[in-house]
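Here's the structure we're looking at; comments come further down.
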Amino acid sequence: RIKREEGRTVGAVKEIARWLNLPSIDRIEAYDISNISGFESVGSMVVFEDGRPKRNDYRKFKIKTVQGPNDYASMEEVLTRRFTHGMEELEEERKNQEDGAEAPDGSFGSFTRFPDLILMDGGRGQVNIALSVLEELGIDIPVCGMVKDDNHRTRGLYYNNVEIPIDRHSEGFKLVTRIQDEAHRFAIEYHRSLRSKAQVHSVLDDIEGIGPARRKALMRRFKSLEAVRDATLEELESTEGMNKR
């Protein structure tokens, strides 16, 4: 069982490194974007080390600069934020070491460790976005696209302007698929949580002076927004916690 598990993880990573002609891979980061008609676009970053998910290093990004469903621009924002943040943390770490100061827990920022390989959810377009961000920041990390077939399943890897066909029965292929599914799951999970928060937002929240306590009191008494709207000033005023203003 130990041998089989090693084949699924470390062995699979070695296989991917062989396909891409890389000396070795330890840390892989994969990125995905999720939105529904441009509502609350979010980005996800998942991390695998030695072929296993490292969930403490996963990160979520709420897209700030892109309006509407534009996956390329959203991905550019996510990668720029991730690696700019990482470079700032590395610079801070370098200064602290020069001053002889150590981080309280022996580690510095969460973005300090850079990956040996970046996996993008998509082909040439997504890979080129990632490469242009890295080039602008002066960072050299191999970037590989996970190309899907018509059924939305991974069919190969896009690397150095070439699509590399991969054996679908190999452990490397299964690991790539697991990483892709995990990046997708994590993005969608975050997206859903934002959507449910937005749906809980009530029109009453937009009224100055109405906070959670007064909103609950109004709904307890009137049961529906229509009833609140049709209530008289006296009825509203006599509701618990309310006043004329």
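For the chain, the fraction of 1.4 Å probe accessible surface lying on carbon and sulfur atoms is 48 percent. Only the Cβ atoms of Lys and Arg (+1) and of Asp and Glu (-1) were treated as charged; on that basis the dipole of the chain about its Cα centre amounts to roughly 1160 debye. Residues considered: Val147, Val13, Val228. Largest GNM mean-square fluctuation over the chain, using C-alpha springs under 10 Å, is found at Val228.
Evaluating kT/(6 pi eta Rh) at 10 °C and 1.306 mPa s, with the Kirkwood radius of the stretch 156-245 over Cα pairs in the Stokes-Einstein relation, gives 89 µm² s⁻¹. Summed over the residues of the chain and divided among them, the accessible surface reaches 59 Å² per residue at a probe radius of 1.4 Å. Between Tyr58 and Val47, the built amide H atoms are under 5 Å apart, and every one of these is 5 or more places off in sequence or on another chain.
Could you size up the charge dipole of the stretch 122-245 around its Cα centre, putting +1 on the beta carbon of Lys and Arg and -1 on that of Asp and Glu, and report it in debye to the nearest 20? Roughly 520 debye for the stretch 122-245. Counting Lys and Arg as +1 and Asp and Glu as -1 over every other residue whose Cβ lies under 14 Å from the Cβ of Val66, the net charge comes to -1.
For Gly122, the residues whose modelled amide H falls within less than 5 Å of its own, excluding neighbours fewer than 5 places apart on the same chain, are Met146. Please work out, to two decimal places, the log10 of the ratio I(q)/I(0) at q = 0.09 Å⁻¹ from a Debye calculation in which every Cα of the chain carries one identical scatterer. Treating every Cα as an identical point scatterer, log10 I(q)/I(0) equals -0.54. A simple spin-label model places pseudo-atoms 7 Å from Cα toward Cβ; at Asn160 and Asp50 they are separated by 2.9 nm.
The values are calculated or read from the model by the stated rules, or taken from the named source; none is laboratory data. Remember, predicted model here, so these are calculated numbers, not experimental data. Ideal geometry is used to build each Cβ from the backbone, glycine not excepted, and the neighbour counts take in all protein chains shown. Side chains included, ligands, DNA and RNA excluded: accessible areas come from the protein's heavy atoms. Shrake-Rupley method; radii C 1.70, N 1.55, O 1.52, S 1.80 Å.
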